[in-house]
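Just below is one structure, and these are the notes that go with it.
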Amino acid sequence: MSSEEVSVNLKRQRVIAYVDGFNLYYGLRHASYQSDIQHIKHGGNAADCLGRSLYWLDLRRVIPERLRKDEELIAIKYFTAPRRVPRNVQVSEADRKRYIESNERQRVYLEALRTLEGVEVIEGWYSENNPYKCIKCGFEWPAFEEKMTDVNIATHILCDAFHDRFDRALLMTADADLVPAVRATKDLGKEVLLILPPGRKRAQELRKVATVTQNIKIKALRGRRLPDVIQRPVGQPVRCPERWREGLGWIWGESPPVSES
């Protein structure tokens with residue numbers, strides 16, 4: 001074997017990760033809630049529940065664990081849209097406060113991601129449509145729709161593939177709208193590793209077109225959190241929202257489900 005052949009064989013494969021932020025968020029919410037219910041029902045301690053702690057997820061710890069030994073993570077691109085307070089429907093002061101606090105937690109997490117080397121946050125926006133309305137009682141509630149995330153992911157993955165910036169794309173989502181982008185990426189000679197977030201197990205159309213698919217179990221993410229305090233060279237440190245701290249016990253409702261033990 002020539003030195004040139006050895007060099008080719010030892011060349012590490014480049015990977016760029018594309019993370020659908022809201023798909024991951026809602027998957028974590030569903031999976032951690034279900035996991036905690038089962039934990040309590042089978043006699044577990046409420047203090048060991050995951051709660052919302054994984055919303056403070058460290059993508060730099062999770063994604064490299066999904067790579068092969070011959071692969072190198074080049075970049076992580078996180079796609080989302082800043083949430084907002086409803087304008088097209090009147091909400092109570094208590095609900096308005098909850099919206100503001102929730103939006104602030106999202107802002108802090110995005111700020112935390114921006115402190116990480118190799119992580120890029122790409123934002124779309126939230127569009128508010130005419131409110132939903134109950135045909136029986138007339139009650140109205142906000143109708144938000146996330147805009148541009150799918151298009152942003154598709155654009156980035158195709159541009160990066162066309163310019164030969166990776167050998168394999170790692171796509172973390174369960175959104176079937178990205179099937180055409182995955183097909184086109186493969187047509188450009190690239191592999192696509194589909195990672196299904198916890199709580200997102202179907203995605204049959206995406207599974208069919210991806211080169212390979214992996215599922216992440218919620219318990220595999222325990223401890224894969226960012227530090228509670230992230231220091232920055234300039235400015236104030238970024239602190240994990242109190243609501244997302246570890247060890248808060250059962251925090252999904254007023255009381256945990258009754259144990260069956």
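So here's what we get for this one:
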read-out: Filter result for the condition that a residue is buried (at least 18 other Cβ atoms within 10 Å of the Cβ), hydrophobic (A, V, I, L, M, F, W, C), touching a helix residue (DSSP H, G or I) at 6+ places or on another chain (Cβ under 6 Å) and closer than 22 Å to Arg61 by Cβ, over Ala112, Ala169, Ala161; value: Ala169
read-out: In the range 59-85, residue modelled with the lowest pLDDT [restricted to those that are open to solvent by less than 10 Å² (accessible area, probe 1.4 Å) and part of a loop (DSSP other than H, G, I, E, B)]; value: Ala81
read-out: Residues of the range 97-109 satisfying the condition of being within 17 Å of Pro82 (Cβ to Cβ) and open to solvent by 30 Å² or more (accessible area, probe 1.4 Å); value: Arg98, Tyr99, Ile100, Glu101, Glu104, Arg105, Arg107
read-out: Any hit, the range 130-138, residues being free of Cβ contacts under 8 Å to residues at least 24 places away in the same chain, hydroxyl-bearing (Ser, Thr, Tyr), out of contact with any His (no Cβ under 8 Å at 6 or more places or on another chain) and open to solvent by 50 Å² or more (accessible area, probe 1.4 Å); value: yes
read-out: Residue match in the range 241-252 (condition: open to solvent by 20 Å² or more (accessible area, probe 1.4 Å), farther than 27 Å from Arg14 by Cβ and out of contact with any helix residue (DSSP H, G or I) (no Cβ under 9 Å at 6 or more places or on another chain)); value: yes
read-out: Residue in the range 138-145 that is within 29 Å of Arg84 (Cα to Cα) and assigned to a loop (DSSP other than H, G, I, E, B) present; value: yes
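The values are calculated or read from the model by the stated rules, or taken from the named source; none is laboratory data. Everything quoted here is computed from the prediction, not taken from an experiment. When we count neighbours, we look across all protein chains shown, and the Cβ atoms used for this are built from the backbone with ideal geometry, even at glycine. Each accessible area value is taken on the protein alone, full model and side chains, heavy atoms only, with ligands, DNA and RNA left out. Shrake-Rupley method; radii C 1.70, N 1.55, O 1.52, S 1.80 Å.
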